[in-house]
Amino acid sequence: MRGIPGSGVFIFFALVFVVELFAFLAIRLLLDQSGLKRRAGIAYWILSAVLFGILIFAFLNPEKIRETTNYQFFYFVISVSFLNLIPKLLLSVSFIISLLLRLFRAKYYAKVLLMSASILSLGLMINIGYGIAFGRKSLRVVEQDVYLNDLPKSLDKMVLVQISDFHLGSFEDASFLRRATEKINGFNPQLILFTGDMVNNYYQEMIGFEKALADMKASLGKFAILGNHDYGDYTNWQDTELKALNHQTLVNKIETAGFLLLLNESAEIAMDNQVIEVIGVENWGHRPFPQYADLDQALENTQTESFKILLTHDPAHWEDQVIGKTDISLALSGHTHAAQSGVQFAGIEFSPMYFVQKYWGGLYQEQDQYLYVNRGLGCVGLLGRIEMNPEITVLTLRSK
């Protein structure tokens with residue numbers, strides 16, 4: 001892959017091989033019959049060799065990922081690797097622990113551990129497979145009341161719909177987006193707010209989805225910002241003019257679909273003699289990617305006493321430049337996808353994205369300032385959703 005040194009590629013494939021080897025040894029320890037061990041070993045290594053070959057092919061042909069508008073090969077490689085390696089990683093760890101148990105002559109407990117890990121790995125594989133096959137099309141609607149100190153009483157019970165991270169290149173057709181549009185319109189929102197990543201890289205990904213986007217209705221308007229993927233920074237371009245043309249065409253298509261695109265600027269809305277200002281910044285990226293956001297510029301024409309809603313794609317921007325530094329009561333972000341995977345149990349929700357982003361999904365509060373992070377509607381990388389379904393957020397604003 002471009003940007004990955006040869007030593008990094010070598011380490012990656014070495015780790016993949018170690019995971020494959022340890023998982024095989026774990027399975028072998030569980031099998032008693034020598035004939036069964038032999039047949040299982042042959043089948044295991046044939047399948048592993050095929051999957052290993054797919055990974056090598058992808059690394060030797062990065063242009064198939066970075067220079068194409070068809071992402072099916074990319075999604076296939078990531079999804080198959082995820083489905084194969086994550087359960088085996090659990091088996092590998094259990095194998096290492098079982099070796100330690102055997103050193104202390106606890107063979108029985110070592111076998112129980114391996115048996116339990118095998119069952120868990122199988123369940124994990126099934127769960128991942130379900131997420132790839134069905135989870136990404138299982139729409140989730142989150143209805144959330146947000147109590148705000150400075151919300152004028154006349155705006156109490158105002159309904160906003162937040163949507164984010166469509167990554168339209170991840171969809172085969174517009175059927176899922178049409179279903180999302182019907183859900184959104186069913187809530188009769190005053191505002192529809194899109195928080196970035198309409199596409200993966202190219203404006204062509206919007207073709208065929210224009211009507212579903214245009215059909216989204218809000219009485220006070222639809223607003224949008226750009227996400228990190230909307231700038232085309234994740235692909236190779238023959239020249240800067242092509243990249244600029246792609247970007248401008250994407251901007252035009254978003255606006256043609258009825259969204260007011262806010263690029264480091266604000267828009268004023270009047271409702272019941274009250275002023276609401278929707279502020280939108282461009283993407284605030286993590287280095288080495290460019291930081292296009294300029295919050296000071298976006299706030300230039302805003303009123304001191306107005307109620308403000310900020311759209312900023314990356315939630316890390318809220319922590320760095322909004323909390324305690326502005327009078328913005330409510331910010332909306334996306335970007336994280338909640339890692340498109342996690343665990344939900346007994347009302348508790350957790351995503352491994354927590355180890356990367358402090359604010360990864362849901363509602364957060366710091367003093368009198370709030371942030372809601374939408375988990376996204378589409379997919380990137382892994383073409384699946386594991387316990388983190390595509391989300392439409394319905395926010396009802398309440399005055400304290």
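Taking only alpha carbon atoms, region 82-164 gives an Rg to Rh ratio of 1.37, where Rh is the Kirkwood radius. The packing ranking of peptides 140-148, 386-394, highest mean first, is 386-394, 140-148, where packing means the average number of other beta carbon atoms within 10 angstrom of each residue.
Taking GluC sites (Glu not before Pro) across region 171-247, the ones in a DSSP loop with at most 13 further Cβ atoms lying within 10 angstrom of their Cβ are Glu172.
Across the chain, Cα-Cα distances exceeding 34 Å account for 37% of all pairs. Orientation-averaged projection of region 310-367 equals 4.3 nm² [convex hull of Cα atoms, one quarter of hull surface area].
For Lys37, the lysines whose Cα falls under 27 Å of its own Cα, not counting residues fewer than eight places away in the same chain, are Lys88, Lys107, Lys111. The DSSP beta bridges internal to region 225-355 are antiparallel in roughly 60% of cases. Relative to the dominant Cα principal axis of the chain, helix 240-256 is inclined by about 60°.
Database remark: amide H of Val141 closer than 5 angstrom to the amide H of Ile392 (H placed geometrically; neighbours at sequence offset of 5 or more, or on other chains; Pro and chain starts carry no H). Run the numbers on region 286-333 and let me know its relative contact order in percent, using alpha-carbon pairs under 8 Å that are six or more apart. The value is 40 percent.
Couplings 3J(HN,Hα) for region 259-273, derived from phi with the Karplus relation 6.51 cos²θ - 1.76 cosθ + 1.60 (θ = phi - 60°), are 8, 8, 8, 9, 10, 6, 8, 10, 10, 9, 10, 9, 8, 6, 6 Hz, where x marks Gly and Pro.
In the context of the full set of protein chains, residues of region 222-278 present 45 Å² of accessible surface per residue (probe radius 1.4 Å, heavy atoms only).
Each 10 Å bin from zero holds the following percent of Cα-Cα pairs in region 287-400: 12, 41, 33, 12, 1.
For the listed residue pairs Lys137/Lys183; Lys183/Lys358; Lys153/Lys400; Lys211/Lys253; Lys137/Lys253, the alpha carbons are over 18 angstrom apart in Lys183/Lys358; Lys137/Lys253.
Beta bridges per DSSP, both residues in the chain: antiparallel share near 40 percent. Of the trypsin sites (Lys or Arg not before Pro) in region 312-394, the ones in a loop by DSSP (not H, G, I, E or B) with at most 15 other beta carbons within 10 Å are Lys325, Lys358. Using only Cα atoms, tell me the angle between helix 107-133 and the longest principal axis of the chain; keep it within 0 to 90° and round to the nearest 10. The angle comes out at about 40 degrees. Computed from backbone phi, the HN-Hα couplings of region 10-24 come to 4, 5, 4, 5, 5, 5, 4, 5, 4, 4, 4, 5, 5, 5, 4 Hz, rounded to whole numbers (Karplus: 6.51 cos²θ - 1.76 cosθ + 1.60, θ = phi - 60°; Gly and Pro given as x).
Computed on the Cα trace of region 156-209, the radius of gyration divided by the Kirkwood hydrodynamic radius gives Rg/Rh = 1.03.
Counting protein heavy atoms only, the chain has 60 percent of its accessible area on carbon and sulfur, 1.4 angstrom probe.
Taking amide H as placed 1.01 Å from N in the peptide plane, the amide H of Tyr370 sits under 5 Å from that of Leu330, Ala331, each at least 5 places away or on another chain.
Hydrodynamic analysis of region 226-297 uses the Kirkwood radius over alpha carbon pairs. Inserted into Stokes-Einstein at 37 °C and 0.692 mPa s, it gives a translational diffusion coefficient of 235 µm²/s. Each residue of region 152-167 is assigned a 3J(HN,Hα), and the resulting list reads x, 4, 5, 9, 4, 6, 5, 10, 10, 10, 9, 10, 7, 6, 5, 6 Hz, derived from the Karplus form 6.51 cos²θ - 1.76 cosθ + 1.60 (θ = phi - 60°), x at Gly and Pro. For region 291-330, the set of GluC sites (Glu not before Pro) satisfying both a DSSP loop assignment and a count of at most 16 other C-beta atoms within 10 Å is given as Glu300, Glu305.
Bridgeable aspartates and glutamates around Lys243 (alpha carbons under 12 Å apart, same-chain partners fewer than 8 residues away excluded): Asp230, Asp233. Value of Rg to Rh for region 16-98, rounded to two decimals, is 1.09; Kirkwood radius and Rg both from alpha-carbon coordinates. In degrees, nearest 10, range 0 to 90: what is the angle between the Cα axis of helix 72-103 and the longest Cα principal axis of the chain? The angle comes out near 50 degrees.
Using C-alpha pairs below 8 Å separated by at least 6 residues, the relative contact order for region 254-371 is 18 percent.
Entry note, the chain: the mean residue ellipticity at 222 nm calculated from DSSP H runs of n ≥ 4, each adding -39500 (n - 2.57), is -13000 deg cm²/dmol after division by the residues and rounding to the nearest 500.
The values are calculated or read from the model by the stated rules, or taken from the named source; none is laboratory data. Keep in mind the model is a prediction, meaning the values are calculated, not measured. Counting neighbours? That spans all protein chains shown, and the Cβs are built from the backbone with ideal geometry, glycine included. Note: areas computed on protein heavy atoms with side chains; ligands, DNA, RNA excluded. Shrake-Rupley method; radii C 1.70, N 1.55, O 1.52, S 1.80 Å.
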